[in-house]
1. Given the options B:327, B:265, name the one that is open to solvent by 10 Å² or more (accessible area, probe 1.4 Å) and in contact with a Leu (Cβ under 9 Å, 6 or more places away or on another chain).
2. Can you tell which of A:72, A:18 is of a type in the set (A, V, I, L, M) and within 14 Å of chain B (Cβ to nearest Cβ)?
3. Would you check if there is a residue in the stretch B:204-211 being open to solvent by 30 Å² or more (accessible area, probe 1.4 Å) and part of a helix (DSSP H, G or I)?
4. Looking at the stretch A:37-92, which of its residues are open to solvent by 10 Å² or more (accessible area, probe 1.4 Å), over 22 Å from residue A:221 (Cα atoms) and in a loop (DSSP other than H, G, I, E, B)?
5. Being touching a helix residue (DSSP H, G or I) at 6+ places or on another chain (Cβ under 6 Å), more than 18 Å from residue B:196 (Cα to Cα) and open to solvent by less than 10 Å² (accessible area, probe 1.4 Å) narrows it down to one residue among B:226, B:273, B:219; which is it?
6. Do we have any residue at all in the stretch A:203-219 that's under 17 Å from residue A:251 (Cα atoms) and not in a strand (DSSP E or B)?
7. Kindly provide the set of residues from the stretch A:45-69 that are within 14 Å of another protein chain (Cβ to nearest Cβ) and under 21 Å from residue A:140 (Cβ atoms), ordered by number.
8. Any residue at all in the stretch B:236-257 that's farther than 17 Å from residue B:219 by Cβ, over 23 Å from the mean Cα position of the chain (by Cα) and not hydrophobic (A, V, I, L, M, F, W, C)?
Amino acid sequence: MNDSKKPKIIAIYGKGGIGKSSTASNVAAACADEGYKVMIIGCDPKSDSSITLLGGKRIPTILDLIRSGVDITEDDVVFEGYNGVKCVEVGGPEPGIGCAGRGIIVAIQKLKKISKVQEECDLVIYDVPGDIVCGGFVAPIRKGLVSEAYVLTSGEYMPLYAANNICRGLSKINTPLSGVICNARNVSREEEIVGKFAEEIGSELIAFIPKEQIVQDCERDGFSVLEKAPDSEIAQVYRNLARAIMSRNKSVMANALDDERLRELTR
Amino acid sequence: MEKEKKEISIIHPRPSSIVAALYTLRDLNVDVAILHGPPGCSFKHARLLEEDGIHVVTTSLDENGFVFGGHDELVALLEKVTEMFNPKLIGIVGTCVSMIIGEELHDAVLEANLDVPVIEVEVHAGYRNNTKGVLFALESALDSGIITEKEFDRQKVLLEEATMVEKRHGAASKEYLAPSRGDVKYKVAQHIIDLLKEGKRGITIMNAKKETGYMFADITVAVNEIAKQLGVESNIVNMANIDDTLGLPRVRHHAKCIMDDFNERGIRIHHIIGGMDEYPIAGDIAGKLIEEKYSDYDFVVITGVPHAIPMESISGMEIISVTNGPRQVLPMKEMGHDYVIVEIDLHPKTLGVNNIVESEFGATLREVAKEE
């Protein structure tokens, strides 16, 4: 679609379980629907970022293949999912064993070496696990792959706390924040709270995704909303978010709030 | 917390806690030491320890091991070494990688389920004082019933003292210490011979760390040989930390071997100032002895860990020191030692031996004396 332009490479950070993979895969599907070339790179050892783009199927992960000692080519790890979205899963160790952070570093370096797909895309989404607990989790940024970072949160205290911490971490490594996305959990004054948070850290709330059962239902079947329920209201929300991301060219160095202010905000 | 901040940040390379743990396992007479980590970790010392008669092997963790953990590799290696070497005691030492990724050494030992006792040392190289590695190894040995509580407590005191000795005047005393070869051996040898010829009275103090004594003892021997040659044997008093009733089994063995060699060569050790692991505290004993009996002596030749001898007891004498640490030259000169000699590469030559080994300085003394 835009052959001459550099791809937009984004990462979505946020507290574990807040809906990063759901959001990432729905945004990927929505962008693909708009005609963009899209790639999603799942960096979670659970390797479930792309599952709803592949009809519920799992794909071999980069780390599993590295571990087995085979020579890896692009075809072994890059799979085509819904509407041509390129899907890659980094993979990683079982919970509590080894080092998932190192795994991300090793896998994305490998991917860079064997595949040029990222450069041919309009949008690349790195779906990064939970909090930034160690260097490996910011490797896509540190290695200069990611150009835009987004933070996903609900209006609950703990996810906001995590989001705030992530903003602090991003600033620490000189990475500007391109926007805050609210994945609602139906708590009181949710849009207002997250909007205020976004404003106070110096950023913007670029989307409010209401909590809808249909997202869950589609996921359970192994599909994105865009594929399984394209006419739903929530599908339109993801389309809007996709457009917002594709058109966005503004980012700021976030100013993380102190603990007290954060708590005040959520009261 | 506050105290930690005030510590100086030392930038010259130093031995690591991992290596310290390996040497301690050696002193505990393990037959096999397993390094759980990358293949090249602690290579130089692992290699030296092989010369000392223990098998050192590694789980050779690679990038896959870093990411997925090395539990299976460790279990497999435990089984393999048991088969290959038929050991009576095994040690496992952690490394930076295995500790950062949270490897559980004990789980692997349980799974391997061997009939051989295993000392597990969870250690990495990130400790400010490398004596931590010794301490962890001893703690684990205590837990496995390899050493007694009494021996552990004794070792702990010695380690704390050893750390202090290094901080006061040793390799941990300055942010950066340039390595130095020290004074020219030929010149110093000539000077000692001149002192003896002038009828000056001297003291030799061997305050050696464990097996390094095999070479430092040679300097005691050489000084005495030359004194005898010049007919002034009675002008020399000898002190050495070779009490063979103290320390871990291997350390006692070294003391006995060196003492046997002294006896065989007719060298009389007038004062035994401690065990071979007591170099951090034996200096004080030597100091007291000097103050009581030998304060009017003219010179002192100190080998091993010379900076552990309190200056106030020897400051009236000419001080000649022999160390194996190139970074020890400057601090000892600053303390007021008149001559500092370095026995370079001493350690490798003292591993796997049971007899006194000729030192460069001892050889120089003998050569210069021949010309007299």
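The values are calculated or read from the model by the stated rules, or taken from the named source; none is laboratory data. A quick note: this is a predicted structure, and the numbers were derived from the prediction, not measured. A quick note on method: Cβ atoms are made from the backbone with ideal geometry, for glycine too, and the neighbour counts reach across all protein chains shown. Keep in mind that these areas ignore ligands, DNA and RNA; they rest on the heavy atoms of the full protein, side chains included. Shrake-Rupley method; radii C 1.70, N 1.55, O 1.52, S 1.80 Å.
1. On the way: B:265 fails: in contact with a Leu (Cβ under 9 Å, 6 or more places away or on another chain).
Only one candidate passes the filter, namely B:327.
2. Working: A:18 fails: within 14 Å of chain B (Cβ to nearest Cβ).
One residue alone meets the criteria, A:72.
3. Here is the first cut: in the stretch B:204-211, the residues open to solvent by 30 Å² or more (accessible area, probe 1.4 Å) are B:209-210.
Going one step further and asking which of them are part of a helix (DSSP H, G or I), we end up with B:210.
Among the residues of the stretch B:204-211, at least one is open to solvent by 30 Å² or more (accessible area, probe 1.4 Å) and part of a helix (DSSP H, G or I), which makes the answer yes.
4. Once the filter is applied, which keeps residues that are open to solvent by 10 Å² or more (accessible area, probe 1.4 Å), over 22 Å from residue A:221 (Cα atoms) and in a loop (DSSP other than H, G, I, E, B), the stretch A:37-92 yields A:37, A:69, A:70, A:71, A:72, A:73, A:78, A:92.
5. Numbers: B:226 fails: more than 18 Å from residue B:196 (Cα to Cα); B:219 fails: more than 18 Å from residue B:196 (Cα to Cα).
So the residue among B:226, B:273, B:219 that is touching a helix residue (DSSP H, G or I) at 6+ places or on another chain (Cβ under 6 Å), more than 18 Å from residue B:196 (Cα to Cα) and open to solvent by less than 10 Å² (accessible area, probe 1.4 Å) is B:273.
6. At the first step, the residues of the stretch A:203-219 found to be under 17 Å from residue A:251 (Cα atoms) are A:203-207.
Retained after the next criterion (residues that are not in a strand (DSSP E or B)): A:203-204.
Among the residues of the stretch A:203-219, at least one is under 17 Å from residue A:251 (Cα atoms) and not in a strand (DSSP E or B), which makes the answer yes.
7. To start, the set of residues in the stretch A:45-69 that are within 14 Å of another protein chain (Cβ to nearest Cβ) comprises A:45, A:47, A:61-69.
Once the filter is applied, which keeps residues that are within 14 Å of another protein chain (Cβ to nearest Cβ) and under 21 Å from residue A:140 (Cβ atoms), the stretch A:45-69 yields A:45, A:47, A:61, A:62, A:63, A:64, A:65, A:66, A:67.
8. no
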